[in-house]
Amino acid sequence: MSVDLIMTYGYIGALCLLWTFLCVGSFLNVVIHRLPIMLQNNWAQEARAMLSIEPQENTHGTPFNLAIPRSRCPRCERQIRLWENIPVISWCMLRGKCAGCKNSIPRRYPAVELITAIISMMVISNFGFTTLGLFICILTWMLIAATFIDFDHQLLPDQITYPLLWLGLLANGFLSTTVPLIDAVTGAMVGYLFLWGIYWLFKLITHKEGMGYGDFKLLAALGAWTGWQALPSIILIAAALGLFYGLWQILRGQHTTSQAIAFGPFLAIAGWVTLVFRDTVLGFFLL
Ligand SMILES: [Zn+2]
């Protein structure tokens with residue numbers, strides 16, 4: 001735990017913050033798992049309605065959203081009890097296994113909780129427990145959800161990228177502590193158009209799709225937070241990360257050059273690093 005945070009908020013305050021962020025991480029696990037299923041269900045229903053096909057039987061009367069139903073073990077269908085749902089601690093106490101069928105619970109669940117807590121603590125120690133600090137925490141949480149969803153499904157939901165864009169403009173328009181609003185609006189436009197241009201250039205030359213519209217929207221959202229000046233560094237960092245990841249996957253024999261890699265996670269990491277460590281990152285690229 002950061003020494004700054006303990007100095008500022010005391011041990012109890014810092015522990016309360018850590019606990020809150022672990023719980024947010026736990027909620028993000030639900031979003032990462034359920035949002036893609038909710039979207040698939042919606043699209044299937046819309047497609048059926050458009051084609052005048054009867055809705056599927058099981059879509060009647062069984063709500064599925066971020067709150068309902070309660071979490072269950074995917075193997076034995078056993079409902080997860082309250083004490084088994086405590087961030088990180090439950091996973092350690094259960095030694096990573098379901099209390100009913102001993103099916104292993106992926107390490108990713110506690111990992112997402114820990115990553116969320118650590119990164120959120122970094123944000124608060126950088127920006128303080130201020131309105132801007134809270135806004136950047138929300139950005140961080142949305143980027144974590146977008147990263148894992150894109151990694152799993154190669155999908156960046158509009159339900160995340162659009163609110164992120166509007167929040168970025170709102171933060172720069174009313175908090176006026178990051179970049180001027182005009183730079184934020186320009187950042188959103190240039191961010192979208194830049195990747196859109198590359199997409200079409202790539203498509204015209206190779207007749208393949210190199211990335212998705214979600215990537216354009218995500219870079220537009222990041223541009224709205226960081227301003228247009230930071231876009232080159234975001235793109236360069238994201239491309240470098242993507243390249244290293246692709247090479248690493250090829251070296252491990254897990255990937256071929258023709259397979260697509262989700263670009264969203266790298267954009268999200270690059271955007272977050274550029275926003276939080278702005279002076280260092282922009283200073284590095286201007287040298
Ligand atoms: Zn089970």
Subject >> Output for segment 1-19, where each listed residue is exposed (fewer than 14 other Cβ atoms within 10 Å of the Cβ) and among the β-branched types (Val, Ile, Thr) >> reply: VAL3, ILE12
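Mind counting the residues in segment 60-80 that are without any contact (Cβ under 8 Å) to a residue 12 or more places away in the chain and either in a loop (DSSP other than H, G, I, E, B) or among the hydrophobic types (A, V, I, L, M, F, W, C) (or both)? Please lay out each step first, then the result.
Within segment 60-80, the subset without any contact (Cβ under 8 Å) to a residue 12 or more places away in the chain is 60-63, 67-70, 72, 77, 79-80.
Then keep just the ones that are either in a loop (DSSP other than H, G, I, E, B) or among the hydrophobic types (A, V, I, L, M, F, W, C) (or both); that gives 60-63, 67-70, 77, 80.
Number satisfying all stated conditions: 10.
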Subject >> Unique match (being out of contact with any Ser or Thr (no Cβ under 8 Å at 6 or more places or on another chain) and under 26 Å from GLY25 (Cβ atoms)) among ILE144, ILE124 >> reply: ILE124
Subject >> Within segment 63-80, tally of residues that are more than 27 Å from GLN159 (Cβ to Cβ) and away from the ligand (no atom under 12 Å from the Cβ) >> reply: 0
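This table checks each residue for (1) surrounded by fewer than 13 Cβ atoms within 10 Å (Cβ to Cβ); (2) on the phi < 0 side of the Ramachandran plot; (3) of a type outside the set (Asp, Glu); (4) within 23 Å of the chain's Cα centre (by Cα).
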position: LEU39; (1), (2), (3), (4): no, yes, yes, yes
position: ALA47; (1), (2), (3), (4): yes, yes, yes, no
position: LEU51; (1), (2), (3), (4): yes, yes, yes, no
position: ILE80; (1), (2), (3), (4): no, yes, yes, no
position: ARG95; (1), (2), (3), (4): yes, no, yes, no
position: LEU114; (1), (2), (3), (4): no, yes, yes, yes
position: ILE136; (1), (2), (3), (4): no, yes, yes, yes
Subject >> Subset of segment 87-106 (residues that are assigned to a strand (DSSP E or B) and within 9 Å of the ligand (Cβ to nearest atom)) >> reply: LYS97
Original post:
Could you say which residue among LEU201, LEU236, LEU165 is in a helix (DSSP H, G or I) and closer than 21 Å to GLY283 by Cα?
Top reply: LEU236
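FYI, it's all coordinate maths here, none of it is from the lab. Note that the coordinates shown come from a computational prediction; the quantities given were computed from them, not determined experimentally. Please note: Cβ atoms are built from the backbone with ideal geometry, for glycine as well, and neighbour counts cover all protein chains shown.
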